[in-house]
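Read-outs throughout are calculated quantities, based only on the coordinates presented, and are distinct from any laboratory measurement. Note that the structure is predicted; figures quoted are calculated from it, not measured. Positions of Cβ are generated from backbone atoms using ideal geometry, with glycine treated the same way; all protein chains shown enter the neighbour counts.
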Amino acid sequence: MFMSRSIWEHSQTVVVDGVSCSVRTVGTGSREVVLIHGIGVSTRYFEPLAERLARTCTVHAIELPGFGAMPAPRRRLTVKEFGGIAAAVMRILGVRDAVVVGHSMGSQVASEAVRAAPELVGRLVLLAPTINDRERTAATQMMRLAQDTLRESPVANYIVISDYFRAGMRWYLKTLPSMLEHRLEDALPEIACPVTLVRGSRDPIVPADWLSRLAATGQDVTTGEIQGEPHVMMYRSPEPTARFCLGETSRVAR
């Protein structure tokens, strides 16, 4: 599957505390979904999932500062700061009772966005949540990323790698320490809304035991798995991913 045309119906640039991010929107449904991407990438790998969700929802995908087409800030941002920016964007959008979906580092950012603006969020969905507490080093994460690349589809790899080059390795490497320093297992206990954690069954970055340990730290947490998928599970399997996002399935999906 390759999205050769843009699915987004509206795009806008938002400036928060002097840094720019963009929001791409599709759909007109009353239920609102906010998508937050991971390190190095952009909203592009969310397009199949966004198109599926837009059948019944209004979908907003936030492109974080320094990624995609957005200029990099002068200094490194912490995950908490990224989350604060995402929360400010949600306030500008006027979302209410939103489903906030983060992928990879975006799951960390999403958790901080929910902590900053809990009144805007009805549900938090963390896809391939990072970082495994037993492998929290740059070297190990790079090794796991290389392993995952061998399991992704050629198209998913093309999107991810081309986005890395578009953002630039300088900003990627500047942001990586923020990702490593943040503890999702410390944020989750402070989140009161329902949380769903989802991994691909072939994801070397997010093993099943890490998902179980992470789930045990939260208040109202369910876990799920998409069979046969690696880290970027939502690109090739948007349908089961969407069902998890909307609370229509639990545990295992194919």
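Amide H contacts for Gly66 (H built 1.01 Å from N in the peptide plane; partners 5 or more residues away or on another chain; cut-off under 5 Å): Ala72.
Report, in deg cm²/dmol and to the nearest 500, the calculated mean residue ellipticity at 222 nm for the chain, where each DSSP H run with n ≥ 4 adds -39500 (n - 2.57) and the sum is divided by the residue count. Intermediate results must be reported in sequence, preceding the final value.
Values: 10 runs with 97 residues, N = 254.
Mean residue ellipticity, 222 nm, calculated: -11000 deg cm²/dmol.
Provide the net charge surrounding Phe82, with neighbours chosen by a C-beta distance below 14 Å and charges set as Lys +1, Arg +1, Asp -1, Glu -1. Walk me through the intermediate numbers first.
Working: positive: Arg75, Arg76, Lys80, Arg115, Lys174; negative: Asp17, Glu63, Glu81, Glu112, Glu181.
Taking every other residue near Phe82 into account, the sum is 0.
Per-residue Karplus couplings for the range 11-25, computed as 6.51 cos²θ - 1.76 cosθ + 1.60 with θ equal to phi - 60°, are listed in order as 9, 8, 9, 10, 10, 10, 6, x, 10, 9, 9, 10, 10, 10, 10 Hz, Gly and Pro entered as x. When Kirkwood radius over Cα pairs in Å is calculated for this entry, the matching label among (i) 17.6; (ii) 21.1; (iii) 19.4 is (i). Does the range 105-254 come out rounded, prolate or oblate, given a ≥ b ≥ c as the square roots of the eigenvalues of its C-alpha gyration tensor, rounded meaning a/c under 1.5 and, failing that, prolate meaning a/b above b/c? Because a/c hits 1.5 or more and a/b fails to exceed b/c, the range 105-254 counts as oblate. Each Lys and Arg contributes +1 and each Asp and Glu -1, all at the Cβ; summed about the Cα centre of the range 94-194, the dipole is approximately 280 debye.
Would you mind counting up the charge near Ser30? Only other residues with Cβ under 15 Å from its Cβ, with Lys and Arg at +1 and Asp and Glu at -1.
On the way: positive: Arg31, Arg55, Arg96, Arg123; negative: Glu32, Asp97.
Its environment carries a net charge of +2.
By the count of neighbouring beta-carbon atoms within 10 Å, fewest first, Leu35, Leu176, Leu53 end up ordered Leu176, Leu53, Leu35. The protection proxy used here, the mean number of other Cβ atoms lying within 10 Å of each residue, ranks peptides 150-159, 92-101 as follows, highest first: 92-101, 150-159.
Express the relative contact order of the chain as a whole percentage, based on alpha carbon pairs under 8 Å and six or more residues apart in sequence. Write down the numbers at each step before the final one.
Values: 553 pairs, mean separation 49.0, N = 254.
In percent, rounded to a whole number, it is 19.
Rounded to the nearest whole Hz, the Karplus-based 3J(HN,Hα) values (6.51 cos²θ - 1.76 cosθ + 1.60, θ = phi - 60°) of the range 35-40 follow the sequence 9, 10, 7, x, 5, x, with x at glycine and proline.
Taking the Cα centre of the range 46-134 as origin and assigning +1 to Lys and Arg Cβ atoms and -1 to Asp and Glu Cβ atoms, the resulting dipole is close to 180 debye.
Can you give the local net charge around Asn132? Use residues other than it whose beta-carbon is closer than 11 angstrom to its beta-carbon, Lys and Arg +1, Asp and Glu -1. Intermediate results must be reported in sequence, preceding the final value.
On the way: positive: Arg134, Arg136, Arg144, Arg199, Arg213; negative: Asp133, Glu135, Glu185, Asp203, Asp209.
Net charge in that neighbourhood comes out at 0.
Cα centroid distance between the range 203-247 and the range 31-73, in Å? A separation of 18 Å, based on Cα centres. Applying the Karplus relation 6.51 cos²θ - 1.76 cosθ + 1.60 with θ = phi - 60° to the range 111-117 yields 3J(HN,Hα) values of 4, 6, 5, 5, 5, 7, 9 Hz, where x marks Gly and Pro. Here the Gaussian network model covers the chain, with springs between Cα atoms less than 10 Å apart; of Ala128, Ala110, Ala54, Ala54 fluctuates the most.
Taking the beta-carbon count within 10 Å as an exposure proxy, list Thr175, Thr217 from fewest neighbours to most. Let's see the in-between values first.
Working: Thr175 24, Thr217 16.
Starting with the residue having the fewest Cβ neighbours, the order is Thr217, Thr175.
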